[in-house]
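Below is one structure; the comments refer to it alone.
The values are calculated or read from the model by the stated rules, or taken from the named source; none is laboratory data. Here the structure is a predicted model, which means the values were calculated and not measured. For neighbour counting, all protein chains shown are included, and Cβ atoms are generated from backbone atoms with ideal geometry for every residue, glycine included. Areas reflect the complete protein model, heavy atoms only, side chains present, ligands, DNA and RNA absent. Shrake-Rupley method; radii C 1.70, N 1.55, O 1.52, S 1.80 Å.
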Amino acid sequence: MRTLVIGDIHGGYKALVQVLERAKVTTDDTLIFLGDYVDGWSESAQVIDYLIELDKKHKCIFIKGNHDLWCGRWLLLGASNPVWEENGGKATKESYLKTGLLTNSEHKSFFENLKNFYIDQEERLFIHAGYTSIHGVEKEEYESNYYFDRTLWEMVLAMDKNMDEEVFTYPKRLRHYREIYIGHTPTTNYNQDVPMNAMNVWNIDTGAGFKGKLSVLDIESKLFWQSDPLVKLYPNEKGRN
């Protein structure tokens with residue numbers, strides 16, 4: 001019985017199937033997805049379809065990412081914007097039109113029911129991007145920070161890794177959780193193609209939307225599995241590059 005956390009997928013259906021096979025996922029495992037299921041590679045609609053079916057057989061928790069926010073608004077309200085389209089939204093639109101899933105009610109429900117964050121019984125937090133409140137994620141004043149914040153990750157990267165939690169200058173927003181799992185900011189930005197750890201924060205976005213891989217991490221053992229680089233799985237596409 002494992003708890004597995006999965007990084008940003010960005011329309012990489014082939015990578016998703018591949019990495020779950022490599023992790024030998026069973027129905028005893030809990031799967032926590034950190035968001036950004038869509039936008040990038042050509043199979044966003046197929047990714048959502050696969051996750052909907054996966055959820056019927058496995059215990060899955062789906063967190064909302066900024067790209068899911070944009071896509072959900074389009075599916076539910078018909079609302080689009082240039083920023084979204086320039087950052088992978090165009091490929092997502094095309095996938096929905098090609099597959100005929102544009103009006104699928106299960107897809108709409110999927111986006112409506114995504115969680116802003118999840119806290120397990122061991123006080124481990126799972127969130128797409130971050131939060132800024134010193135009182136913890138539930139006291140965050142601006143909901144958009146759940147999807148867009150990068151200051152949490154930048155802060156822990158800049159901290160002295162030997163800093164003791166008992167020191168009075170230790171950031172208060174870190175004290176609330178045993179561990180924090182995020183996506184949103186690709187580790188490939190730091191020349192790393194594997195999950196990164198800084199203080200009690202784990203970044204699982206290993207650049208699948210760009211030239212990196214999709215990663216799955218066991219939160220207890222910290223073992224992880226990865227797909228092939230997405231540029232190899234989709235050699236005739238650009239993704240978000």
Open item on the list: Under 8 Å for C-alpha pairs, at least 6 residues apart: give me the relative contact order for region 138-241, rounded to a whole percent.
Closed with: 17 percent
Task: Unit charges at the beta carbon, dipole of region 33-80: most positive-side option, 34, 78, 58 - done: 58
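What does the convex hull of the Cα atoms of region 1-82 come to per residue, in Å³, rounded to a whole number? Provide the component values of the computation, followed by the final result.
On the way: hull volume 6.9 nm³, N = 82.
Per residue, the Cα convex hull of region 1-82 comes to 84 Å³.
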Task: Residue with peak Gaussian network fluctuation, the chain [Cα springs, cutoff 10 Å], from 14, 222, 213 - done: 222
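Taking the Cα centre of region 142-191 as origin and charging only Cβ (+1 Lys, Arg; -1 Asp, Glu), how large is the dipole, in debye to the nearest 20?
Magnitude of the dipole: close to 60 debye.
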Open item on the list: Keeping every protein chain present and rolling a 1.4 Å probe, give me the accessible area per residue for the chain in Å².
Closed with: 47 Å²
- [ ] Could you name the lysines whose alpha carbon sits less than 21 Å from that of residue 115, not counting residues in the same chain fewer than 8 places away?
- [x] 56, 57, 59, 64, 139
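Hey, what did the chain get for relative contact order, percent, Cα under 8 Å, at least 6 apart?
Working: 522 pairs, mean separation 59.7, N = 241.
About 25 percent, as a whole number.
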Task: Leading residue at positive end of dipole, the chain (Cβ point charges), from 207, 96, 25 - done: 96
Open item on the list: Given a 1.4 angstrom probe, I'd like the percentage of the accessible area of the chain that is carbon and sulfur, rounded to a whole number.
Closed with: 47 percent
Task: Whole-number D in µm²/s for the chain (Stokes-Einstein; Kirkwood sum over Cα pairs; 10 °C, 1.306 mPa s) - done: 89 µm²/s
- [ ] Note down the magnitude of the dipole of region 15-59 about its Cα centre, charges +1 on Lys and Arg C-beta and -1 on Asp and Glu C-beta and zero elsewhere, to the nearest 20 debye.
- [x] 200 debye
TODO: Pop a pseudo-label 7 angstrom from the Cα along the beta-carbon direction at both residue 28 and residue 120 and give the gap in nm to one decimal.
DONE: 1.5 nm
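Calculate the dipole size of region 1-119 relative to its Cα centre from +1 charges on Lys and Arg beta carbons and -1 charges on Asp and Glu beta carbons; express the result in debye to the nearest 20.
Numbers: 14 positive and 16 negative charges, 41 e Å.
Approximately 200 debye in magnitude.
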TODO: Can you grab the distance from the C-alpha centre of region 194-241 to the C-alpha centre of region 1-30, Å, no decimals?
DONE: 11 Å
Open item on the list: Which of 46, 226, 192 ends up with the largest GNM mean-square fluctuation for the chain, with Cα atoms connected below 10 Å?
Closed with: 192
TODO: Set Lys and Arg Cβ to +1 and Asp and Glu Cβ to -1, take the dipole of the chain about its Cα centre, and tell me which of 16, 147, 190 lies farthest positive.
DONE: 16
Task: Partners for residue 222 among lysines (Cα-Cα distance below 19 Å; same-chain residues under 8 apart left out) - done: 24, 161, 213
Open item on the list: Using a Cα-Cα cut-off of under 18 Å, which lysines could be cross-linked to residue 211, ignoring same-chain neighbours fewer than 8 residues away?
Closed with: 14, 232, 238
Open item on the list: Calculate log10 I(q)/I(0) of region 55-134 for q = 0.21 Å⁻¹, where I(q) comes from the Debye formula with a single equal point scatterer on each Cα and nothing for solvent.
Closed with: -1.05
- [ ] With just the Cα atoms of region 36-177, tell me how far they stretch along each of the three principal axes, in Å, largest first.
- [x] 56, 36, 25
Task: Rg/Rh ratio calculated on Cα atoms of region 144-238 (Kirkwood radius) - done: 1.03
Open item on the list: Taking 0.36 nm per residue of sequence separation and subtracting the Cα-Cα distance, how much length would be gained by fully extending the chain between residue 151 and residue 172, in nm to one decimal?
Closed with: 6.2 nm
Open item on the list: Can you compute the radius of gyration and Dmax for region 1-42, using only the Cα atoms, both in Å?
Closed with: 10.8, 33
